[in-house]
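Heads up: the structure comes next, in structure tokens.
The values are calculated or read from the model by the stated rules, or taken from the named source; none is laboratory data. None of the values given here were measured: they were computed from a predicted structure. Note that we place each Cβ from the backbone using ideal geometry, even for glycine, and neighbour counts take in every protein chain shown.
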Amino acid sequence: MPLLKSLQNLIDQETKEIKNVFSAIKKAIQKAEDEALRPLEERRKQVEQEAMDLKGDLSGKIKTMSKTISDLQTLRNEEDPVFFLQGYSSTTVVDDNSDWTSVSLNCDLSFGTIRNTEVTMMANIKDEFEKLSRIEVARVKKFGVDVTLDPDTANAHLVISEDMRQVQNSEEKRDVSDSPERFDLFGSILGQNRITDRAFWVVEVGNKKGWDIGVAREEANKNGEIALKPSQGYWVIVHYNGDNYAALEETPITLSLSNAPCKVGVFVDYNEKLVSFYDMEAETHIYSFTDCNFGSVIRPYFSPHIKEKDPLVICPVNPNE
């Protein structure tokens, strides 16, 4: 059973990798906890020492005052009042003008330490979770599909390669037939693939300064000013104005990417209602739409953006890379 053995080895390997990631995360959290508590413990010891010093000071003053009271009581018992008054003047009296009502212990804590610890911990956890992304990328490649473009949905300003795997914008408008299935205003196009299961494909975006990539419900509106958001049947991420990225949720979410991706992987799990995007070269997760209400068949969606002459290129998926 070589296949079974190979599968078991793969499961064991992934299990080990995932456990290592979460073990490292636990260590990062424990380290952060220790660092956050350390100044508190140091301050606790300091406060205890200050309290002991204060207690010692008070004890000394109380002892002196007690002796003074005892001496005065002895003198008061003397039968001769004159002798008492003479003795009183020579008795040690504590001259202490301290205002004990204002005594307090400094319990200020270091808020900067807590915030710095939080930032460091979250950065460490993020780094560890990125290792899970590499495991994800290796998995989703197994569901690679051969995506090709559907010219019947292409905007008239889009030019498609003969192999149906590249699309780019053109200033010239092509003579095309009118169809409700064609994007008449937006410079967009759908893939021919109809997805109802798991599927994965990769799009090379290169150094383009603008693009849309994602999936669309087959019957989603394609005419006029369309709204690229889930309630309208679109699950799309966008790159715009050179350095900006966003996930087009009902309210767009700005994406902060460490690096500009050159190849974007798109993974769909239809039954899990999931659409995920990956930077394939960095092997990092970009964004995921979850709990997607697909409703019916969905198809790959692309837009190379106007004024962007470089093409979007659909790449072959090699599960062994």
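Residue check: is Arg217 closer than 12 Å to Pro300 by Cα, among the charged types (D, E, K, R) and in contact with a Gly (Cβ under 7 Å, 6 or more places away or on another chain)?
Judged against the criteria, Arg217 is a match.
Within the stretch 164-177, is even one residue surrounded by fewer than 15 Cβ atoms within 10 Å (Cβ to Cβ), at pLDDT below 95, out of contact with any His (no Cβ under 8 Å at 6 or more places or on another chain) and over 19 Å from Thr148 (Cβ atoms)?
Yes: one or more hits.
Give Tyr234, Tyr240 a once-over and let me know the one that is over 18 Å from Val268 (Cβ atoms) and among the hydroxyl-bearing types (Ser, Thr, Tyr).
None of the others qualify; the one that does is Tyr240.
Which of the residues spanning the stretch 119-155 are among the acidic types (Asp, Glu), at pLDDT 75 or above and exposed (fewer than 14 other Cβ atoms within 10 Å of the Cβ)?
Correct list: Asp146, Asp152.
For Ile29, state whether it is surrounded by 11 or more Cβ atoms within 10 Å (Cβ to Cβ), at pLDDT 75 or above, touching a helix residue (DSSP H, G or I) at 6+ places or on another chain (Cβ under 9 Å) and part of a helix (DSSP H, G or I).
yes
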